1. Treat the chain as a sphere of radius equal to its Kirkwood radius over Cα pairs and apply Stokes-Einstein at 25 °C in a medium of 0.890 mPa s; give the translational diffusion coefficient in µm²/s, rounded to a whole number.
2. In whole Å, what are the Cα extents of the range 74-162 along the three principal axes, biggest one first?
3. Can you compute the charge dipole magnitude of the chain about its Cα centre, using +1 on each Lys and Arg Cβ and -1 on each Asp and Glu Cβ, nothing else charged? Give it in debye, rounded to the nearest 20.
4. Helix 248-264 against the longest principal axis of the chain: what's the angle in degrees, Cα atoms only, rounded to the nearest 10?
5. In square angstrom, rounded to the nearest 10, how much accessible surface does LEU194 have for a 1.4 Å probe?
6. Taking the dipole about the Cα centre of the chain, with the C-beta of Lys and Arg at +1 and of Asp and Glu at -1, give me whichever of SER57, GLN359, LEU171 is farthest to the positive side.
7. Given the options LEU194, VAL148, SER209, identify the residue whose Cα lies farthest towards the positive end of the charge dipole of the range 126-210 (+1 on Cβ of Lys, Arg; -1 on Cβ of Asp, Glu).
8. Simple spin-label model, 7 Å along Cα-to-Cβ: ASP61 to GLN145 in nm?
Amino acid sequence: MELTLKRETFVTAYPPYSVLSAKNVSTIWERRPINIYLHLPFCPKRCNFCYYRVEESKGGDEIAAYVDVLLQEIALLAERPEVQYCSMQTLYFGGGTPTMLTSEQFIKIVQALESIFPKTSDFEFNVEVRPGREATQEKLNTLKQLGVNRISMGVQSLDDRVLKENGRNHLSKIFYDTYDRVRMAGFDWDNCDLMSGMLHETEESWKNSVEALYGFGPENISIYKMEVFYNTKLFKKLRENPEILVSDDVEAAHFRWARRFLESKGYFMSNNSSFVISPHYIDRHRENIQYGGEMIGIGLSSHSSFNGSMYQNTSDMKEYVDMVTNGRLPISRSYKLSKRDEIIRYVVMSFKNLKIKRQDFINKFGVELTDVYGKQISDLTRKGLLRLDEDHLYLESEYYDFADDVARFFYPTHLQEDMLAHISRKG
């Protein structure tokens, strides 16, 4: 098209009004799907490696008081006009130990959320369950009746010496008993977490744990690398002697062995840490968020990414209670995302899902992925880490366990070391 200078007509809008159509009228007031995370910060005992905001509970009264404030926070959210245009696609109860709640408390919280957020037709409900006595059959049955689809259990290891040396708050027999109760309740699927690279973990103990867990038949097995963060009990123990940590090379070898074993048994990797036996069992809460989906976090210290901002609730219990009881949402810090931030966040987090659909990127940002990241993609493709076709940008399967390293390659230079707030392993 040639440029002609004729002062022929005014430009009044873009796109031109000719693109408007009656078929799109119904989409104007559609609620947009979001993900909800709810934090229950109480545990019977804080594990030595835990870096989450948790408190060792002294009894039911403090939990009941927290739930009362949590319900007030939900009521405050309901007043926000931005929230009134949202529906709930996934709900995740994390902790801490959510199953320290009573059945009645679970019911109250779920009813409060459902009064604000209509559930989508593909709604998914996740609850973390600690192997422990508090996960009673009655309570698990209540969760099933409330519509919980997915249970996630922090197993970490099935070697009692490893569990004790790392300060884990359960032993293997307790897991066996709790898992039986979970299965009895009849949830759609169960996820069990293992933790690689723990203190005193050997090749033999690691293989025994993976094989034993496979024998229980969970639909989803996740493997997370233990890191020693600065705010943990374990950091104090290792500050003077970090060499007792399993090295990076040994931990990586353990992960790769587990991957080969699980894949030989019919599992496949749905993201960089999760193995499932069918696409039906992919954790959509995590997948949604890693593909840029919005999340509202509720409760002490919870994180959110919503309405163009990242923000976090206060981590101080007294401040949390004071803010909510005085009619204020308990947000203590935030960051307004620029369009550049949103693009970087989408790409970085998508690598944890192992691939990016090119058309989704265009739909979301209006430009081609290669127009924004052509050089980085070319460099990593040449090195054999990425593969690009007409529809997707893939992380090559050989490097699935290095997805976080590849993701950091797309960070701005000044932020590439920002998440490394832990003791470095050797090797």
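1. The estimated diffusion coefficient comes to 104 µm²/s.
2. 52, 24, 23
3. So the dipole magnitude of the chain works out to roughly 360 debye.
4. 80
5. It works out to around 0 Å².
6. The residue sitting farthest along the positive end of the dipole is GLN359.
7. The one lying farthest along the dipole's positive direction is VAL148.
8. Simple spin-label model gives 2.9 nm for this pair.
The values are calculated or read from the model by the stated rules, or taken from the named source; none is laboratory data. As the structure is a prediction and not an experimental result, all values here were calculated from the model. Positions of Cβ are backbone-derived with ideal geometry, glycine not excepted, and every protein chain shown enters the neighbour counts. Protein only, heavy atoms only, side chains kept; ligands, DNA and RNA dropped before computing areas. Shrake-Rupley method; radii C 1.70, N 1.55, O 1.52, S 1.80 Å.
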